Amino acid sequence: MNTEYHEPVLVSEVCEYLVTSHDGIYVDATTGGGGHTKAILETVSPGARIVCFDRDADAIGESKRKLQQWKSQLTFIHDVFGAMQDRLQQLSINKINGILFDLGVSSFQINNADRGFTYQQEAKLDMRMDMRSGITGVDVLQTYKERELADIFFHYGEERKARRIARKVVEERNKKPITTSTELAEIVRAIVGERHLVKSLARIFQALRIEINAELDQLSKALEQTTDLLHTGGRLVVISYHSLEDRIVKRFMKERSAKSKRSEDPFARQDIEIDPDFRIVTKKPVLPQPDEQRRNPRSRSAKLRAAERC
Ligand SMILES: C[S@@+](CC[C@H](N)C(=O)[O-])C[C@H]1O[C@@H](n2cnc3c(N)ncnc32)[C@H](O)[C@@H]1O
């Protein structure tokens, strides 16, 4: 197993886009191994405070340990970022200066075979980021209808052979429950063959992970909350790793920065002017420089978008 917990991506870009006030209150919605949190702490002054969320107990443990020297500036919350507004209110925090989302899974989660996130090692298909509750990959493969599985593989994995893979899953589970990554990989191999195997496995595992952790729903919920939470001039920074996430972020920022909207009156000749909630800061997504992409292959799919609360 990799000894590094997780190498953070676009670190200097995150600090540049996120920090507007050196003694403000920030939220790291996905603290993971604390890499970005540390960089933010090194950018702000000792008067700043950061509230760190993660739904994974290991991540909270690791970042607490790593960031020990800044502990008076930090609050850790082991919960989903979809519960952010309620959890911040419990801390009497109503407004913040910036929020970072570094979406998806950490290298630690991927590299830790017990968690079942990877098709590269034999493991029980757990795939929950928060292991305290919720359905596992084994549950999904065992209990979902063929149609539901096909929809997940197609919509969350963008896998073209979704229907055939779903049919094969049902065929195999009727003989014996599918419980490990290797068993699932064999099913995918039987449908897609050797040539497209790695790409299809990545898509199918991504699809299951998104379903199990309700990742897209969490993202939409949390983005909604940022409008209320951010001070005027406060920044929303999101790093996404696949097109489904990026589409949600892009659409949110576009809609909330629009200066006009269609009238509901079908006879109206003009759009209605509105006050936008956000101003887009990154006209195009910011991508890692080639040397970062070489150094950290995980960064190759990263896209950073930032918006400022108006
Ligand atoms: C890419 S890693 C973050 C790495 C981190 N920025 C660092 O520098 O180490 C994503 C983290 O977000 C967490 N996560 C994903 N979805 C979440 C959610 N809805 N609520 C809270 N944490 C979540 C995962 O458990 C994981 O630790």
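Computed quantities for the displayed model
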item	result
Which listed residue, of 29, 57, 39, 83, is in contact with a Cys (Cβ under 7 Å, 6 or more places away or on another chain) and either near the ligand (Cβ under 9 Å from one of its atoms) or not β-branched (Val, Ile, Thr) (or both)	39
Single condition residue 152 does not satisfy, out of (1) away from the ligand (no atom under 13 Å from the Cβ); (2) assigned to a strand (DSSP E or B)	(2)
Qualifying residue in region 249-257 (condition: at positive phi, of a type in the set (Gly, Ala, Ser) and out of contact with any Ser or Thr (no Cβ under 9 Å at 6 or more places or on another chain))	no
Per-region count, region 139-151, residues surrounded by 21 or more Cβ atoms within 10 Å (Cβ to Cβ) and in contact (Cβ under 8 Å) with a residue 40 or more places away in the chain	1
Region 86-102 - residue that is free of Cβ contacts under 8 Å to residues at least 12 places away in the same chain and either of a type in the set (A, V, I, L, M, F, W, C) or assigned to a helix (DSSP H, G or I) (or both) and, of those, nearest to the ligand (Cβ to nearest atom)	86
Residue match in region 126-146 (condition: within 18 Å of residue 57 (Cβ to Cβ) and part of a helix (DSSP H, G or I))	no
Any hit, region 262-275, residues being at pLDDT 95 or above and β-branched (Val, Ile, Thr)	no
For residue 75: the one exception among (1) surrounded by 19 or more Cβ atoms within 10 Å (Cβ to Cβ); (2) in a strand (DSSP E or B)	(1)
Conditions (1) modelled with pLDDT under 95; (2) within 13 Å of residue 212 (Cα to Cα); (3) of a type in the set (Phe, Trp, Tyr); number of the one not met by residue 144	(1)
Which listed residue, of 72, 63, is within 20 Å of residue 38 (Cα to Cα) and within 19 Å of the chain's Cα centre (by Cα)	63
Residues of region 269-310 that turn out to be assigned to a loop (DSSP other than H, G, I, E, B), surrounded by 14 or more Cβ atoms within 10 Å (Cβ to Cβ) and among the polar types (S, T, N, Q), as a count	2
Selection within region 60-80 - within 13 Å of the ligand (Cβ to nearest atom) and of a type outside the set (S, T, N, Q)	60, 61, 62, 64, 65, 66, 67, 76, 77, 78, 79, 80
Tabulated pairs, region 172-191, first among the aliphatic types (A, V, I, L, M), second part of a loop (DSSP other than H, G, I, E, B), C-beta under 6 angstrom, 6+ apart or interchain	184/178; 185/119; 191/161
Among residues of region 80-102, those that are surrounded by fewer than 16 Cβ atoms within 10 Å (Cβ to Cβ), of a type outside the set (S, T, N, Q) and out of contact with any strand residue (DSSP E or B) (no Cβ under 6 Å at 6 or more places or on another chain), counted	2
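The values are calculated or read from the model by the stated rules, or taken from the named source; none is laboratory data. Just so it is clear, the model here is predicted, and its values are computed rather than measured. FYI the Cβ positions are ideal-geometry reconstructions off the backbone, even for glycines, and counts take in every protein chain you see.
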